[in-house]
Amino acid sequence: MGGFSSKNYESYNYVSMKLLDGDKFESEEDVYFKEHDVQGIISKAREMRNCSYKESLELYFKAMKVLKKLKDNNSRIYKNVVEFEIKPHDIANNKLFNVYKDNNSNHKKEQTIDNVSSYIPNDNKVINLNKKIASLYNEIGDLFCIHDFIEKSLFYYDKACLYNPSKIEYIYKKGVLYQQMNNTAKSIDTFKLILSADPNHIPTLFSLGNLYRYIDSHIALSYFEAIVKIEPNNTEVLSLIASCYNNLGKLNEAISYQNKAVQINPDNFNHKKFAQRLIEMKSQN
């Protein structure tokens, strides 16, 4: 546990720090919470999460209790369904949910959704409540992550995924944590799960490329090059492509990509330094 610092997590790769950006909390969830007098509870929990995780956690659970009570008041009880109501056509059209259900091994009781035919179309209000509950579980996961309780963080991100399986951010955070824990196999499986639903999800492409840099440079290249097709001026990725080609002994290609990075961002000292080193390596061959 002590080996994983919150600082490392929030700046681990590409956009993991952006996914935890506090500004993202000011969204549609806030409007909803205000309507039900729990915004104050959530705000206090957020204010305290860096200094006192126990008090912050108590407030989050208090807000969760309110949301679940609201959900219970607006829910019908269906056979074979536990704490997850969503319209049948939403399930049928949600590829990420179907793959996640098949791959996830936790919380089996909360995943008893095999008999989809038993569903009756439910009120949108209940679906929205599930999303709010998922958002709150996500914040609880962030709270535990900030205070280095990685296993608990994973548990609550998993809960968030179960309540809103179409939210890629929640699954992505799990992949990042597995990566930090050096559980490469689980990390890769988690990231590939995301790509099965969104092949152009740049943070996931980046994370997979970064993982495969130490396994197979050819595979890493495929992920980085997929990013460049979407963001041709991404100098960090261009430099990583150069690094992969260098590892493969293809110096001409490496120099070409690194020079592109320097041309786009000439003020980046590291880009210039790597470009110079590649040129020196070529001159020595």
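Mind checking which residues of the range 251-285 are part of a loop (DSSP other than H, G, I, E, B) and surrounded by 15 or more Cβ atoms within 10 Å (Cβ to Cβ)?
Once the filter is applied, which keeps residues that are part of a loop (DSSP other than H, G, I, E, B) and surrounded by 15 or more Cβ atoms within 10 Å (Cβ to Cβ), the range 251-285 yields N265, N268.
Any residue at all in the range 128-140 that is without any contact (Cβ under 8 Å) to a residue 12 or more places away in the chain and in contact with a Phe, Trp or Tyr (Cβ under 7 Å, 6 or more places away or on another chain)?
No, the range 128-140 contains no residue that is without any contact (Cβ under 8 Å) to a residue 12 or more places away in the chain and in contact with a Phe, Trp or Tyr (Cβ under 7 Å, 6 or more places away or on another chain).
Which of the numbered conditions does N182 fail, given that it passes all the others? Conditions: (1) out of contact with any Phe, Trp or Tyr (no Cβ under 8 Å at 6 or more places or on another chain); (2) at pLDDT 95 or above.
Going through the list (1) out of contact with any Phe, Trp or Tyr (no Cβ under 8 Å at 6 or more places or on another chain); (2) at pLDDT 95 or above, N182 breaks only (2).
Could you tell me which residue of the range 240-250 is nearest to A220 (Cα to Cα), considering only residues that are in a helix (DSSP H, G or I) and either touching a residue at least 24 places away in the same chain (Cβ under 8 Å) or touching a His at 6+ places or on another chain (Cβ under 6 Å) (or both)?
C244
Spot the failing condition for V262; the list is (1) within 27 Å of N164 (Cα to Cα); (2) in contact with a His (Cβ under 6 Å, 6 or more places away or on another chain), and only one is missed.
(1)
Could we say that S256 is touching a His at 6+ places or on another chain (Cβ under 7 Å) and within 17 Å of S217 (Cβ to Cβ) here?
no
Can you pull out the residues in the range 170-224 that are touching a residue at least 24 places away in the same chain (Cβ under 8 Å) and of a type in the set (S, T, N, Q)?
Q179, Q180, T184, S187, S196, N200, T204, S207, N210, S217
Has the range 159-166 got at least one residue that is modelled with pLDDT under 95 and surrounded by fewer than 19 Cβ atoms within 10 Å (Cβ to Cβ)?
yes
The values are calculated or read from the model by the stated rules, or taken from the named source; none is laboratory data. A quick note: this is a predicted structure, and the numbers were derived from the prediction, not measured. All Cβ positions, even for glycine, are placed from backbone atoms using ideal geometry, and neighbour counts span all protein chains on display.
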